[in-house]
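The values are calculated or read from the model by the stated rules, or taken from the named source; none is laboratory data. Just so you know, these numbers come straight off a predicted model, no measurement behind them. Every residue, glycine as well, gets a Cβ built from its backbone with ideal geometry; the counts of neighbours run over all protein chains shown.
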Amino acid sequence: MTGVGSFQFVLHSHIPYARKAGKWPHGEEWLHEAASETYIPLLKKLYELRAEGVPFRIAIGITPILAEQLADTDVQEHFVTFLDQRIAASEYDIQLHHEGDGADPHLHYLASWYRDWYTGIREAFLGQFERNLLAAFKQLADEGYVELLTSAATHAYLPLLAQDASIRLQLQTALNGHQRHFGKKPRGIWLPECAYRPAYYEGDRLRPGMEHFISEASFDFTFSETHAITGGRPVGIAAGDVLGPYGEVVRRYAVPIEEYRPVRPVTTFEPYRIINSESSDQSHENALTQICVFGRNDRTGIQVWGADWGYPGDFDYREFHKRAGSSGLQYWRVTNSDADLSHKEHYQPEWAAMKCQLHADHFIDLVVATLQEYHATHDSAHGIISSNYDTELFGHWWFEGVDWLGKVLRGLAEHDEVDLTTPSQYLCQHPVSQGIRLPESSWGAGGRDFTWNNGDNRWMWRPIHELEERLIGAAAKIDPEQPDEDFVMKQAARELLLTQSSDWPFLVSTGQARSYAIQRFSQHAERCNRLLNGLEKGKPDRALAEEYWELDKVFPDIDYRLFRDG
């Protein structure tokens, strides 16, 4: 370590479970678009840097449910069909804009550009990566360029689950899947939505904080939103005013909220060991867990996340929201953030490439200056900047984002004052002793659980909680040695996990795909109920479970026995 500070990119990759669940505008095409615009371009860029000898480092999380989908042969076959359709659509537009009433030299050029771009993606998928994107990520991880992280199995919003067994099943299923796909267990976990809650009393029952389950699953570190580190207490919440999933005041923390004020000023420039939220030990030393938490750095993060002035909003970058009626391809640039879609001007790839280089240079200078400032004002301390983002932001939402990411990685890897790192590498070289009490928090609206627990989607939690209770009851009664009971119970557990996905309440809350999300949520809940009905009557429906397995085909190594312990 030679720099004045360290920097890490942390990317969180996730797509809702969409296997065989329809096509545009929702369903499997979510996966296909993310693979074509984000995952494959990202892999191509990382392998390009590797071939050039650039000593880059990056942390990439792949949620278990995304990994299951990317590994699925049906999804892979459908993806090839999707690419063929995009190539055909661009060829249609090439002819459309070549001559006649639709002739337009620039649109003809862009259609040809898209045809070549999608052809390159297809060749990389079938040739360079041999359809196996997970294996491509694994190779980079095995060689030390990438640290692979995981998340909860179906990206469930863990603080709102009613049973500890559900949290354990989400995490254990994630560990099993990561081991199966990547050959070893991950050291770090991205909690879905960065959602954390401390220990609290539910009546007389003490429910452990998230750090308890993370430690139990043998993870070493996780991540949080900025305010969870620097704020020291839940955003917008007064002592004793803790709402449950139905809006009622129920939570009584094991340690009073007032204790969540940090013992000294804290920043996101260093990781912390999470203090056991069941402990009121004022010295903190005896209550420190081994779980470290990295907070998202706001100063760098806002350059990309900023809604009004972040890089992706630059007028020369590709406009995400406007598509050609003839092909669905995106031929326009942002032009003006306030402009109506009908007033957007045509995309100029060369202009976008120039801006991409300028923005990469600006970000590199910002990282260096920020680390130098922290080093100079904190007794020459070696700080770390953790820039955390959704992977799909790069390429899919911000089309030029993957190129920007590659330029930043190249620049920082070659900079003398910055150590480009990953979470595990940093923790190995910089042991952590300072503790912090994390408050209830997320990176959603309001900093807590409002996005997943509001007037529009609160109704979804009661069915989830009822299924959790039923699964505990069924698991206690069945005989795992009976093949039919065992098979049906496993499938019921899978359907429960799929019902618990945070995607369904999120999509209802944002209105992006409300009807679709309600349909998918209800579908998985109904399947789980039907399977449990048979088990509770002593008549396990093996045929029905096999039918559902063919529809879902996820988590073959699921272990429902966690529910036998409650």
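Only residues that are assigned by TED's automatic domain parsing to the domain that holds residue 267, aliphatic (A, V, I, L, M) and closer than 23 Å to residue 507 by Cβ were counted in region 413-461, giving 1. Residues in region 475-492 that are part of a helix (DSSP H, G or I) and closer than 15 Å to residue 542 by Cβ: 10 in all.
Taken over region 50-86, residues that are of a type in the set (D, E, K, R) and surrounded by fewer than 21 Cβ atoms within 10 Å (Cβ to Cβ) amount to 6.
Just one of the numbered conditions (1) on the phi > 0 side of the Ramachandran plot; (2) in contact (Cβ under 8 Å) with a residue 12 or more places away in the chain is not true of residue 146: (1). The set of residues in region 2-19 being touching a His at 6+ places or on another chain (Cβ under 7 Å) and closer than 18 Å to residue 35 by Cα consists of 14 alone.
Pairs under 7 Å by beta carbon, first residue farther than 17 Å from residue 165 by Cβ and buried (at least 20 other Cβ atoms within 10 Å of the Cβ) in region 195-207, partner modelled with pLDDT of 90 or more and of a type in the set (Phe, Trp, Tyr), six or more apart or different chains? Once the first residue is farther than 17 Å from residue 165 by Cβ and buried (at least 20 other Cβ atoms within 10 Å of the Cβ) and sits in region 195-207, its partners that are modelled with pLDDT of 90 or more and of a type in the set (Phe, Trp, Tyr) give 195/157. For region 157-195, a residue qualifies if it is closer than 18 Å to residue 499 by Cβ and outside any helix (DSSP H, G or I), and the qualifying residues are 157, 161, 162, 163, 195.
Residue-by-condition table, conditions (1) among the hydroxyl-bearing types (Ser, Thr, Tyr); (2) in contact with a Cys (Cβ under 8 Å, 6 or more places away or on another chain); (3) assigned to a loop (DSSP other than H, G, I, E, B); (4) modelled with pLDDT of 95 or more:
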{"site": "98", "(1), (2), (3), (4)": "no, no, yes, no"}
{"site": "101", "(1), (2), (3), (4)": "no, no, no, no"}
{"site": "109", "(1), (2), (3), (4)": "yes, no, no, yes"}
{"site": "112", "(1), (2), (3), (4)": "yes, no, no, yes"}
{"site": "125", "(1), (2), (3), (4)": "no, no, no, yes"}
{"site": "136", "(1), (2), (3), (4)": "no, no, no, yes"}
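Within region 431-442, the only residue that satisfies the criterion of being surrounded by fewer than 22 Cβ atoms within 10 Å (Cβ to Cβ) and either part of a helix (DSSP H, G or I) or of a type in the set (A, V, I, L, M, F, W, C) (or both) is 432. Residue 293 falls short on exactly one of the conditions (1) in contact with a Lys or Arg (Cβ under 7 Å, 6 or more places away or on another chain); (2) surrounded by 15 or more Cβ atoms within 10 Å (Cβ to Cβ), and that condition is (1). Among the conditions (1) without any contact (Cβ under 8 Å) to a residue 40 or more places away in the chain; (2) closer than 24 Å to residue 71 by Cβ; (3) more than 24 Å from the chain's Cα centre (by Cα), the only one that residue 562 does not satisfy is (1). Within region 177-189, identify whether any single residue is free of Cβ contacts under 8 Å to residues at least 12 places away in the same chain and either at positive phi or of a type outside the set (Phe, Trp, Tyr) (or both), and answer yes or no. Within region 177-189, one or more residues are free of Cβ contacts under 8 Å to residues at least 12 places away in the same chain and either at positive phi or of a type outside the set (Phe, Trp, Tyr) (or both).
Residue check: is residue 44 charged (D, E, K, R) and modelled with pLDDT under 95? So residue 44 does not fit the description; no. Would you be able to say whether some residue in region 371-389 is in a helix (DSSP H, G or I), closer than 19 Å to residue 302 by Cα and β-branched (Val, Ile, Thr)? No - not one qualifying residue is present in region 371-389.
For residue 216, the stated conditions hold: it is acidic (Asp, Glu), within 30 Å of residue 463 (Cβ to Cβ) and either over 19 Å from the mean Cα position of the chain (by Cα) or crowded, with 18+ Cβ neighbours inside 10 Å (or both). Taking first residues from region 106-126 that are without any contact (Cβ under 8 Å) to a residue 40 or more places away in the chain and partners that are in a helix (DSSP H, G or I) and not basic (Lys, Arg), the Cβ contacts under 7 Å between residues at least 6 apart in sequence or on separate chains come to 108/94; 112/94; 115/87; 115/90; 115/91; 115/94; 119/87. With the structure loaded, tell me whether residue 322 is within 30 Å of residue 97 (Cβ to Cβ), charged (D, E, K, R) and either without any contact (Cβ under 8 Å) to a residue 24 or more places away in the chain or touching a Leu at 6+ places or on another chain (Cβ under 9 Å) (or both) or whether it fails that test. Spelling it out, residue 322 is indeed within 30 Å of residue 97 (Cβ to Cβ), charged (D, E, K, R) and either without any contact (Cβ under 8 Å) to a residue 24 or more places away in the chain or touching a Leu at 6+ places or on another chain (Cβ under 9 Å) (or both). When the residues of region 6-20 are filtered to those that are more than 18 Å from the chain's Cα centre (by Cα) and buried (at least 18 other Cβ atoms within 10 Å of the Cβ), the one that is farthest from residue 397 (Cα to Cα) is 6.
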